[in-house]
Amino acid sequence: MIETEDLSKAFKDFWAVTGVTLRVEAGQVLALLGPNGAGKTTTVRMLTTILRPTRGSARVAGYDILTHPDEVRAAVGVLTEGHGLYPFMSAEEDLDFFARAYRLLPGERKKRIEELLEFFGLAEVRRRQIGQFSKGMRQKLALARALLHKPRVLLLDEPTSAMDPASARLVRDAIRELRSKERTIIVCTHNLSEAEEIADQIAIINHGRIVLKGSPLELKFALQDQARFRIRFAAPLNGHPLSLVEGAKWLGQGKDWLEYQTAQPETVNPLLIQSLTRQGLPILTIEEQVCSLEEVYLHAVEGKLNNVYQTA
Amino acid sequence: MSIKQLRDYLAGILLVAGREVREHFRDWRIIVPIIILTLFFPVLMNYTANRLVNFVQQYDAPIIGERLIPFLLMVVGFFPMSISLVIALESFVGEKERLTIEPLLCTPLSDRQLYFGKLLASLTPPLLSSYLGTTVYLFGVIYKVGWRADPMFIIQIFVLATMQALVMVSGAVVISSQTTSVRAANLLASFIIIPIAMLLQAESALMFWGRYTALWWVAVGLFIIAGLLIRSGLAQFRREELLEREMDALNLRWIGRTFWRFFKGEGSSVWNWWRTEVLLSTRKALLPSGLSVLVLFFGGLVGFSQAKEFVLPAEYIQKYWNSGELVNRLAGLQLLPSYTAGVVWFQNLRAIFLASLGGFFTFGVLGMLVLMLPFALIGYFMASLIQVGISPYTFIGAFILPHAIFEVPAILLSGGAILRMGASFAAPARGQTVGEAWLKALSDWAKVMVGLVMPLLLAAALIEMLITPRLALWLISR
């Protein structure tokens, strides 16, 4: 589990992260979304104890990052922004070095390296120098390194960047597989569809502050203080005058559709359907409209969010 | 620490070092110069030694050849170590630039394991090649020139090479862990290269002079400096700060502001500042001042002992002391003919600042050496007077004691402040960045200087000009 309280970091006079308060339960995946320089990497670095917070606190896998940094590092697997592989070493040597650094026993070490090389399709190139690897291969190897010691917490910074679609799919599937009751995962990403696909929670960070957080579905409703609906008719409207019921606000209409919003869909929707049918407009479908995550993200980073949903 | 913990601790160090060494040996940019300096250069030096020995023998000057061969041995041992500087300078900052440091810092390896691992990795390849090069040269001169070295001298050369490498590497690792780019580290390397170059010149002079015993003292000195550098590097190395520094920007405004904040402290008026800040900084310098008493006393003893080695002609001392010339000059107050109290004060201050500047870069060591000089001279003159049967107490009472009442405490306090400043670099306080710790140490030194040392030296200069000559005249003419 990861828990942070008012986690903040200043570099001299510049606050890179301010007041980040998060709680990610074991078994959950949190996607940290934000533009470049928003504070994602600084937050992850504080959680891995390689940056000391200026203010606030955090507990990672049950350990305080300030008082038990060694235990935190032993419990965390990290995929850093730059893969950080040694170009003169082979894939096998690199994994072996880190397996020793994470104090894996000899038998376990060999088995684990074997498993991971197989899983990421790197077994064939295990003895090739990393300097000769493609970007995608390096990323896979870096991910394998993060998983060596079966960490309880995984912090992944841009795990699928520079990967071809098939490799990215492999990594996303791996993240989903890695999710277990005991493991907590934070993924920093720019890829919104990836975040939506793998995360239970999304936190949008901008200028060092968490501006929005919640489940993907909750975020999609974040822009709306009233539910939006679209009614599609069985026949074109042909300029037919429409009259809505009280409580429904007209938003727009097209050749064969109508869009409206209401604060009380449970009472307004049946009345409106009844009214439209009575007006001789046969309804084909009615569906609730939600914003795309991209819209939510852009609104969040541009600071145009409804105050109700803002967390910081 | 239990045996298992110790084993795990050492395993971590060896793990870091082993990986780095393996990587170094795969990089042709490191391997090629090592091979050249290890194998080809000693052979070239053998050839040079052979030719030179033959050449000087033609002119019946074998001593030049005898001194040249050991000197070349030292050079052969030193050259491969220049690589150590390159490796050590980029040990941390190079990894940071290549973005490989972050995964390493995220492992459970401790700061000390990382630091010692890097140190060992930077030290091992150049040192091994230095030993190998020296051995190649030694065999060469044995077979080609027929020169047989004293085994103790060979040990001495190996020890000296090891100590030089240790100093260079430990200094370079400190630089590497505190800078943000390899370029900045290379620029700062002059702080290592220049002193080492000067040291090599001094060692060469000692070798040509035939003072091989002095080389042991050089080795001891290097060992102490290496220890201090390692201590300093360990104290200043914090993984949390390694990724914090992104630019080596020199923020003069911040430096000025921070120094002034430390220097001014809580003082609301000059008197209040003196009572609180100066006395507090002086109290902190008291313990190192006690240490400087011992060091300066040792300086006096060294000077005393050297009187036997460098004997002043007895007749000259007797003549000068008894001829009345001294009395005449004192009578006309021309002991220091063109000097005024202001000049004396300025000269003493200059010496103290020079000592402080030296101490600033050498953990106080060079500063203490400068302060030892006058005490060594006093010891030397005392011993010289004793040798010719003149009481040294007259000399002390007449020429030293009056102004020494103020000058010696000033020197001791300066010594304490310099040592404390050096110690602060070696072990900065927790919770402070290295820059803040340095400015704090500098401000403590400045408070002692401005608040106590400068006034004491002014009083001493006035006495030295106004009272000492009269007292000396009275004592000597009695």
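Taking B:A17, is it within 15 Å of B:P126 (Cβ to Cβ), in contact (Cβ under 8 Å) with a residue 60 or more places away in the chain and of a type in the set (G, A, S)? So B:A17 passes the test. Could you check, for region A:92-99, whether at least one of its residues is within 14 Å of chain B (Cβ to nearest Cβ), more than 30 Å from A:R52 (Cα to Cα) and open to solvent by less than 60 Å² (accessible area, probe 1.4 Å)? Yes, there is a match, as at least one residue in region A:92-99 is within 14 Å of chain B (Cβ to nearest Cβ), more than 30 Å from A:R52 (Cα to Cα) and open to solvent by less than 60 Å² (accessible area, probe 1.4 Å). Scanning region B:199-222 for any residue that is more than 14 Å from chain A (Cβ to nearest Cβ), under 22 Å from B:A441 (Cβ atoms) and open to solvent by less than 80 Å² (accessible area, probe 1.4 Å) turns up nothing. Within region A:212-235, being more than 13 Å from A:L22 (Cβ to Cβ) and open to solvent by less than 50 Å² (accessible area, probe 1.4 Å) holds for A:S215, A:P216, A:L219, A:K220, A:A222, A:L223, A:Q224, A:A227, A:F229, A:I231, A:F233, A:A235. Within region B:281-316, the set of residues being surrounded by 18 or more Cβ atoms within 10 Å (Cβ to Cβ) and under 12 Å from B:Q387 (Cα atoms) comprises B:F304, B:A307.
Screening A:E81 with (1) within 14 Å of chain B (Cβ to nearest Cβ); (2) in contact (Cβ under 8 Å) with a residue 12 or more places away in the chain; (3) closer than 30 Å to B:R7 by Cα gives one miss only, at (3).
Summed over region A:7-38, the residues that are away from chain B (no Cβ under 14 Å) and not in a strand (DSSP E or B) give a count of 8.
Can you say whether B:G146 is at pLDDT 85 or above, among the small types (G, A, S) and surrounded by fewer than 19 Cβ atoms within 10 Å (Cβ to Cβ), as far as the supplied structure shows? In short, no.
Of all the criteria given as (1) modelled with pLDDT under 90; (2) in contact with a strand residue (DSSP E or B) (Cβ under 6 Å, 6 or more places away or on another chain); (3) open to solvent by 10 Å² or more (accessible area, probe 1.4 Å), the one not satisfied by A:R127 is (1). Among the residues of region B:7-35, those that are open to solvent by 80 Å² or more (accessible area, probe 1.4 Å) and more than 20 Å from A:Q129 (Cβ to Cβ) comprise B:R7, B:L10, B:L14.
Among the residues of region B:97-121, the ones that are touching a His at 6+ places or on another chain (Cβ under 9 Å) and away from chain A (no Cβ under 14 Å) come to 0 in all. Yes or no: B:F191 within 13 Å of the chain's Cα centre (by Cα), under 21 Å from B:F79 (Cβ atoms) and assigned by TED's automatic domain parsing to the domain that holds B:V159? So B:F191 fits the description; yes.
Residues in region A:77-91 that are surrounded by 21 or more Cβ atoms within 10 Å (Cβ to Cβ), of a type outside the set (S, T, N, Q) and within 28 Å of the chain's Cα centre (by Cα): 6 in all.
For region A:250-304, filtering for residues that are part of a helix (DSSP H, G or I), under 29 Å from A:L33 (Cβ atoms) and open to solvent by 60 Å² or more (accessible area, probe 1.4 Å) leaves 4. Scanning region A:57-71 for residues that are facing another protein chain (nearest Cβ under 9 Å) and either part of a strand (DSSP E or B) or under 28 Å from B:E23 (Cβ atoms) (or both) yields a count of 2. Confirm whether A:A74 is open to solvent by 30 Å² or more (accessible area, probe 1.4 Å) and facing chain B (nearest Cβ under 7 Å). So A:A74 fits the description; yes. The helices (runs of 4 or more DSSP H) falling completely within region B:82-147 that include 1 or more residues that are aromatic (F, W, Y) and closer than 18 Å to B:V32 by Cα map to B:111-140.
The values are calculated or read from the model by the stated rules, or taken from the named source; none is laboratory data. Here the structure is a predicted model, which means the values were calculated and not measured. Don't worry about glycine lacking a Cβ; one is built from the backbone with ideal geometry, like all the others, and counts go over all protein chains shown. We work out accessible area using only protein heavy atoms, side chains counted, and drop any ligands, DNA or RNA first. Shrake-Rupley method; radii C 1.70, N 1.55, O 1.52, S 1.80 Å.
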